[in-house]
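Here, each number is a calculation from the coordinates, and none is a lab measurement. Quick caveat, the model's predicted, so the values are computed rather than measured. Cβ sites come from the backbone with ideal geometry, for glycine too, and all protein chains shown count toward neighbours.
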């Protein structure tokens, strides 16, 4: 912990790379493994449906009530969830003297809810808080702020009317990259990713000390881990916070095998305030 605090204190810039594990301390369900998913959603256990089967865009065509039952419930859950105190610590460390950006595979919008500017957050799998037309009548992406999806809690099926496209009136879907998804519109994600790449290149050219804090990112879908490791290649300035998969190669950084909230709040007591 002391070594991690020293790294953060000496950073010129911070990159937060977050996977699903960061949200567990906020009370969000752990979808790790079929049993974990079914504990969060018992109706799907009765149907024998796994997360990977439900997170498939084909259901929006074949059974839209099933598809929007799953995603509509998650949309309501994420709206009601208050980010834990660890997010506040990360936000506090993001100052003019120590600028910070976010790269996350989470679609829940917790970083924005905690106060991070949307343009500084790269959501590599999209966002449940944005929609796109299922039929692809246009390439627009719009906020889901006014969308309310009513759910039958016993069957986890959505009740009509379902979210619709403002252009053609057809069915809308979340702007999320699902399994086997060929129709996801990545424009919003890609524009933020390009800006983050430009920012990282500027830091390197200026010789700035970048420290990456990776939180709750697993190896099953290693996108976030790879991003964190590439950003710190050759510097060893990676702090990995992970309860299940904390291993880090020797010389690549610091491993903290613990949960997000207690780790971050403890580090906050060890990192001096910005000078």
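Any idea how far apart residue 81 and residue 35 come out in nm if each label point goes 7 Å out from Cα toward Cβ?
Each label point is offset 7 Å from its Cα along the Cβ direction, giving 2.2 nm.
Over the chain, what is the relative contact order in whole percent, taking alpha-carbon pairs under 8 Å and six or more residues apart?
Once divided by the residue count of the chain, the mean separation gives 26 percent.
Would you mind calculating the relative contact order of the stretch 1-129 from Cα pairs under 8 angstrom and at least 6 residues apart, reporting the percent as a whole number?
Details: 134 pairs, mean separation 39.2, N = 129.
Worked out over the stretch 1-129, it gives 30 percent.
Taking only C-alpha pairs under 8 Å that are 6+ residues apart, what is the relative contact order of the stretch 93-201 in percent? Can you show the working numbers first?
On the way: 151 pairs, mean separation 28.7, N = 109.
Relative contact order for the stretch 93-201 comes out at 26 percent.
Helix-derived [θ] at 222 nm for the chain: sum -39500 (n - 2.57) over DSSP H runs of at least 4, divide by residue count, nearest 500?
Details: 11 runs with 101 residues, N = 275.
Taken over the chain, the calculation gives -10500 deg cm²/dmol.
GNM, the chain, Cα, under 10 Å: largest mean-square fluctuation among 19, 109, 48?
Maximum fluctuation in the GNM of the chain, among the listed residues, is at 48.
Among DSSP beta bridges whose residues both lie in the chain, state the antiparallel percentage, nearest 5.
On the way: 10 of 32 bridges.
Counting only bridges with both partners in the chain, antiparallel ones make up about 30 percent.
Identify which of the listed values of Rg/Rh (Cα atoms, Kirkwood Rh) was calculated from the structure shown: (i) 0.94; (ii) 1.04; (iii) 0.99.
Read-out from the structure maps to (iii).
Enter the Cα centre distance for the pair the stretch 34-70 and the stretch 1-30, rounded to the nearest angstrom.
30 Å
If we count other beta carbons within 10 Å of each Cβ, what is the order of 127, 26, 235, fewest first?
Values: 127 24, 26 20, 235 15.
So the ranking, lowest neighbour count to highest, is 235, 26, 127.
For helix 260-270, what angle does its Cα long axis make with the longest principal axis of the chain, in degrees from 0 to 90 and rounded to 10?
For 260-270 against the chain, the angle is about 30 degrees.
Once label points are set 7 Å from the Cα along Cα→Cβ at both residue 9 and residue 209, what is their separation, rounded to one decimal in nm?
Using points 7 Å along Cα→Cβ, the separation is 1.0 nm.
Can you give me the angle between helix 187-206 and the longest principal axis of the chain, using Cα atoms only, in degrees from 0 to 90, rounded to the nearest 10?
Computed tilt is about 10 degrees.
Once you place label points 7 Å from the Cα toward the Cβ at residue 63 and residue 150, how far apart are they in nm?
2.2 nm
Where does helix 64-80 land angle-wise versus the long Cα axis of the chain, in degrees 0 to 90, nearest 10?
So the helix axis and the longest Cα principal axis differ by about 40 degrees.
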